[in-house]
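The values are calculated or read from the model by the stated rules, or taken from the named source; none is laboratory data. These figures come from a predicted structure and were not determined experimentally. Counting neighbours? That spans all protein chains shown, and the Cβs are built from the backbone with ideal geometry, glycine included.
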Amino acid sequence: MLKMAGSKSYTIVEYFGGGDGYRCGYCKNDKGNLSHGMWSHTMTVQDYQDLIDRGWRRSGKYVYKPIMNKTCCPQYTIRCHALKFQPSKSHKKILKKMSKFISKGELPKGQSDGEPMDSVGGETGPQEPTEVCLLKVQSAVITDIQKEVAECPAVTEVQESVAGGMPAGSETSQKNSPSVSGGRIPAPKHGMGADPSRAPCRKAKDLRKERRLQKEQMRQHAEGVSSIVSPTPPQMTQPKGLEDFINQSLPENAAHSLEVRLVRSSPPSPQFKASFDASYQVYKLYQMAIHKDPPDKPSESQFRRFLCDSPLEAESSPDGPEMGYGSFHQQYWLDGRIVAVGVIDVLPNCVSSVYLYYHPDFASLSLGSYSALREIAFTRQLQKQSPKLCYYYLGFYIHSCPKMRYKGQYRPSDLLCPETYMWVPIERCIPQLEDSRYARLNQDPDAGDCRALKEVGRALVLHRRAVMPYAAYARKRRGSSDETEVQQYASLVGQDCAERILLYRA
């Protein structure tokens, strides 16, 4: 990573512009998928956090941003509030299914309960830069660039509604009273005292208290507990949480053993290197079975380029997670072999899902959804070490593609407005997306992009081993015709990032 005075790290990118449209993996339009792209030689975790909060997303070292108002299938960045997440009925079913499989060894038959073909972070396969982009990167000589410069739920108070007391002469007391024509009970005669044929007169307050006591005794008897009435209302039992399902104790004679290992993929840790081939073989089987790739397409070099290589360097901070920030693989080991791998980025504010691939033999376990639930639990675990890290990013939400709407089931969640870059609860977005594929999700007409480009001259560029503002570069390069391109780039990354990221100029 580029380091300068004070050991500060910098991000270095090459911008490619919009380019021509290419085949869409969602609606199969041959030229409908349109996006801006840039190659990131190196990137800080904070810069990438700010970029994904402006609709960017990485695939390997290639970082792209859909042209939302033009692309055939608009892709909205989606995030889940991990700390507030509660598993739905279908999520609990998936967790129970896995627990049953590990305990009893019964692999479910058939398909995975409506789980879509694609994994949570996987989209329709790795997003590849166009050939033109790759040629530009090669012409820039990558290695030369790098060598140039060395919450607790609130307790609900149950208020008991006070029903009116049954008056004397109610239905209960009338059962033992003599039948009287006209339905009236005559008043006792003067001087005879209380009517011996009627129950003694009691206060309504005492009657209500007795009824409550009877109801409580009946309820406790039904539950098989003591009939002693507590003076305070019984506590409500808390519903089972996500971690309760995941950490559920297994019998000693469990049929299987599942272990989740976190290994750093960039720079590769010894554990990552040792398991590389086993992980790649699972990826190859997944691509051929799920995405119907021919055997020669999911090559080892392609696997490295898109799921192992990352522009993010390992970083750490005093208030960050113990293992630091950067790119990792979460490996799911079943009985000593890898059956699934979740590719994730750990960033200052979130865990970002990049991709998920699994062994096709275990497709019926709904591993795409199961891994997402594990990653949400992982986010909650990291938040205890790093208070700001409280979101789980699921990649892109594509409402126009029905099979990709499942990401919206991880609630509460927000979608990123493509014009103001503000987060909007998904419940408010759905009606708009039902009417139109592209929508400005923020309905406040006065809201704008708070990080909009104001001065392109302040954008930083890297030119001939020197870092300088674009205004200084333009003066040096009189007659330079790249201002329109730099203006477009800076407006897409925003003023703050433009003043931190180094835009490579040949």
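Restricting to helices (runs of 4 or more DSSP H) lying wholly in region 264-370: which have 2 or more residues that are crowded, with 20+ Cβ neighbours inside 10 Å?
By residue number, 276-290.
Taking residue 393 as meeting all but one of (1) part of a helix (DSSP H, G or I); (2) crowded, with 20+ Cβ neighbours inside 10 Å, write down the number of the exception.
Against the list (1) part of a helix (DSSP H, G or I); (2) crowded, with 20+ Cβ neighbours inside 10 Å, residue 393 comes up short only on (1).
Residue 414 versus (1) part of a strand (DSSP E or B); (2) surrounded by fewer than 18 Cβ atoms within 10 Å (Cβ to Cβ); (3) not aliphatic (A, V, I, L, M): which is the lone unmet condition?
The one condition residue 414 does not meet is (2).
Filter region 483-496 down to residues that are surrounded by 18 or more Cβ atoms within 10 Å (Cβ to Cβ) and not β-branched (Val, Ile, Thr), then give me how many there are. If you could, list the steps in order and put the result at the bottom.
Step one: list which residues in region 483-496 are surrounded by 18 or more Cβ atoms within 10 Å (Cβ to Cβ), which gives 486, 489-490, 492-495.
This time we only want the ones that are not β-branched (Val, Ile, Thr), so: 489-490, 492, 494-495.
Qualifying residue count for the region: 5.
Kindly provide the set of residues from region 447-462 that are within 23 Å of residue 420 (Cβ to Cβ) and buried (at least 18 other Cβ atoms within 10 Å of the Cβ), ordered by number.
Let us first name the residues in region 447-462 that are within 23 Å of residue 420 (Cβ to Cβ), namely 447-456, 458-459.
Listed by number, the residues that qualify are 453, 456, 459.
Among the numbered conditions (1) basic (Lys, Arg); (2) over 29 Å from residue 396 (Cβ atoms); (3) in a helix (DSSP H, G or I), tell me where residue 478 comes up short.
Failed condition: (3).
Restricting the first residue to region 463-474 and requiring it to be surrounded by fewer than 16 Cβ atoms within 10 Å (Cβ to Cβ), which pairs with a second residue that is among the small types (Gly, Ala, Ser) meet a Cβ separation below 8 Å and a spacing of at least six or different chains?
Qualifying pairs under 8 Å: 471/457.
Among the listed residues 216, 243, 210, 259, which satisfies the condition of being out of contact with any strand residue (DSSP E or B) (no Cβ under 9 Å at 6 or more places or on another chain), at pLDDT 95 or above and either in a helix (DSSP H, G or I) or within 27 Å of residue 85 (Cβ to Cβ) (or both)?
Step by step, each of 216, 243, 210, 259 is checked, and only 243 is out of contact with any strand residue (DSSP E or B) (no Cβ under 9 Å at 6 or more places or on another chain), at pLDDT 95 or above and either in a helix (DSSP H, G or I) or within 27 Å of residue 85 (Cβ to Cβ) (or both).
Return the residues of region 448-483 that are modelled with pLDDT under 95 and under 13 Å from residue 15 (Cα atoms); say none if nothing qualifies.
If the condition is that a residue be modelled with pLDDT under 95 and under 13 Å from residue 15 (Cα atoms), then 482, 483 are the ones that fit.
Determine, yes or no, whether residue 2 is hydrophobic (A, V, I, L, M, F, W, C) and at pLDDT below 95.
On the way: hydrophobic (A, V, I, L, M, F, W, C): yes; at pLDDT below 95: yes.
Judged against the criteria, residue 2 is a match.
Give me a count of the residues in region 402-411 that are part of a loop (DSSP other than H, G, I, E, B) and buried (at least 18 other Cβ atoms within 10 Å of the Cβ). Working first, answer last.
Going residue by residue through region 402-411, those that are part of a loop (DSSP other than H, G, I, E, B) are 410-411.
Checking which are buried (at least 18 other Cβ atoms within 10 Å of the Cβ) leaves us with 410.
The qualifying residues number 1.
Select from region 72-100 the residues that are hydrophobic (A, V, I, L, M, F, W, C), buried (at least 20 other Cβ atoms within 10 Å of the Cβ) and part of a helix (DSSP H, G or I) and list them in ascending order.
Those that are hydrophobic (A, V, I, L, M, F, W, C), buried (at least 20 other Cβ atoms within 10 Å of the Cβ) and part of a helix (DSSP H, G or I): 82, 94, 95, 98.
Taking region 16-33, which residues are under 16 Å from residue 76 (Cα atoms) and in contact with a strand residue (DSSP E or B) (Cβ under 7 Å, 6 or more places away or on another chain)?
Once the filter is applied, which keeps residues that are under 16 Å from residue 76 (Cα atoms) and in contact with a strand residue (DSSP E or B) (Cβ under 7 Å, 6 or more places away or on another chain), region 16-33 yields 24, 25, 33.
Keeping to region 373-390, report how many residues are under 18 Å from residue 318 (Cβ atoms), aliphatic (A, V, I, L, M) and in a helix (DSSP H, G or I).
1
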